[in-house]
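For reference, the structure is listed below as structure tokens.
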Amino acid sequence: AARCPPHLAAFVGMMDGMDDSTDDLSISARSQAMVLYNPTIDNGPGGFGYKRIGDRYREFSPLHNVRSDAPPAVLFLGTEDKIVPVKVATDFEKAMKDAGVRCDIYIYKGEKHSFYDKHPPNGQYDDVLEKTTEFFRSLNWIPEQPGTH
């Protein structure tokens, strides 16, 4: 799978109506699940990028577009992230669950933005990778390894 910015991953999972006029609309561009690593999911007033986009945030701010047909999500964030506050993540989790959509959230104490992506990997890299794999297994996208569970 290609790696894309977390905001784009959430956007693709939750938005409709951004298709090009030449797109084959019989094939959905929406994702079937979202793996969100420190996502900038609030683009509304006070959120990430609002000064650049103003009132257009309602067109593509994932937090402001949660609905019951959103795909399941897993979200990873550090408590010391200076770009994405923990409250934004917990607000997103609540909105998803209130809409009846699965949203697993993992908050890592003392970790900063992109904490899981350090090279060489820090101690959290393996944990994040394991939790991501567990998420895909729970969706039956990755088979259980022989001798587990």
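Restricting to segment 24-66, and then to whatever is open to solvent by 70 Å² or more (accessible area, probe 1.4 Å) and of a type in the set (S, T, N, Q), can you tell me which residue is farthest from Leu8 (Cα to Cα)? For segment 24-66, the residue satisfying everything is Ser26. May I ask you to list pairs of residues, at least six apart or on different chains, whose Cβ atoms are under 6 Å apart, with the first in segment 7-27 being free of Cβ contacts under 8 Å to residues at least 60 places away in the same chain and the second being of a type in the set (Val, Ile, Thr) and open to solvent by less than 80 Å² (accessible area, probe 1.4 Å)? Cβ pairs passing all conditions: His7/Thr40. Among the residues of segment 67-82, the ones that are of a type in the set (Val, Ile, Thr) and surrounded by fewer than 22 Cβ atoms within 10 Å (Cβ to Cβ) come to 1 in all.
The single condition among (1) surrounded by 22 or more Cβ atoms within 10 Å (Cβ to Cβ); (2) modelled with pLDDT of 95 or more that Val86 does not satisfy is (1). Checked against (1) under 13 Å from Pro39 (Cβ atoms); (2) more than 14 Å from the chain's Cα centre (by Cα), Ile105 meets all criteria but (2).
The values are calculated or read from the model by the stated rules, or taken from the named source; none is laboratory data. As the structure is a computational prediction, the values presented were derived from the model and not from experiment. Methodologically, a virtual Cβ is constructed for each residue, glycine included, from the backbone with ideal geometry; neighbour enumeration extends over all protein chains shown. All accessible areas refer to the heavy atoms of the entire protein, side chains included, with ligands and DNA or RNA removed. Shrake-Rupley method; radii C 1.70, N 1.55, O 1.52, S 1.80 Å.
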